[in-house]
1. Listed residues Ala3, Ala63; which is open to solvent by 60 Å² or more (accessible area, probe 1.4 Å) and not charged (D, E, K, R)?
2. Counting only residues that are under 13 Å from the mean Cα position of the chain (by Cα) and at positive phi, how many does the stretch 14-42 have?
3. Of all residues being β-branched (Val, Ile, Thr) and either touching a strand residue (DSSP E or B) at 6+ places or on another chain (Cβ under 7 Å) or within 23 Å of Thr69 (Cβ to Cβ) (or both) in the stretch 6-25, which is surrounded by the most Cβ atoms within 10 Å (Cβ to Cβ)? Just the residue, please.
4. Residues in the stretch 31-53 that are open to solvent by less than 50 Å² (accessible area, probe 1.4 Å) and not in a loop (DSSP other than H, G, I, E, B): how many?
5. Does Ile28 qualify as being modelled with pLDDT of 95 or more and surrounded by 12 or more Cβ atoms within 10 Å (Cβ to Cβ)?
Amino acid sequence: EVAQALEPIKVEQLMAKYDGAALTKADIYPSIWDEGEGATSYISSNYKRLRSFFIEAAEKQRAILLALT
């Protein structure tokens, strides 16, 4: 289900909605959102890896334990 949800969302779509000021104001970890290029690079690279991980696991019919706290 996670792979199906992430698959259509490309990194460009995600970054179009990026609001560093809102993340800083909400005190979202890590506290890098006012670092400009560093923050956007952090999000882009990690989102690509996360998306690929879930899609590949789904294609191989592998289970992933996901805990959101």
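1. On the way: Ala3 fails: open to solvent by 60 Å² or more (accessible area, probe 1.4 Å).
Criteria check complete, one pass: Ala63.
2. Within the stretch 14-42, residues that are under 13 Å from the mean Cα position of the chain (by Cα) and at positive phi number 0.
3. Of the residues in the stretch 6-25, the ones β-branched (Val, Ile, Thr) are 9, 11, 24.
From what's left, either touching a strand residue (DSSP E or B) at 6+ places or on another chain (Cβ under 7 Å) or within 23 Å of Thr69 (Cβ to Cβ) (or both): 9, 24.
Numbers: Ile9: 12, Thr24: 15.
Among those that are β-branched (Val, Ile, Thr) and either touching a strand residue (DSSP E or B) at 6+ places or on another chain (Cβ under 7 Å) or within 23 Å of Thr69 (Cβ to Cβ) (or both), it is Thr24.
4. Taking the stretch 31-53 and keeping what is open to solvent by less than 50 Å² (accessible area, probe 1.4 Å), we get 32-33, 36, 38-40, 43-44, 47, 51.
Adding the requirement that they be not in a loop (DSSP other than H, G, I, E, B) leaves 38-40, 43-44, 47, 51.
Matching residues across the stretch 31-53 total 7.
5. Details: modelled with pLDDT of 95 or more: no; surrounded by 12 or more Cβ atoms within 10 Å (Cβ to Cβ): yes.
Spelling it out, it is not the case that Ile28 is modelled with pLDDT of 95 or more and surrounded by 12 or more Cβ atoms within 10 Å (Cβ to Cβ).
The values are calculated or read from the model by the stated rules, or taken from the named source; none is laboratory data. Quick caveat, the model's predicted, so the values are computed rather than measured. Backbone-built Cβ (ideal geometry, glycine too); neighbour counts: all protein chains shown. Please note that ligands, DNA and RNA were not included when accessible areas were found on the heavy atoms of the full protein model with its side chains. Shrake-Rupley method; radii C 1.70, N 1.55, O 1.52, S 1.80 Å.
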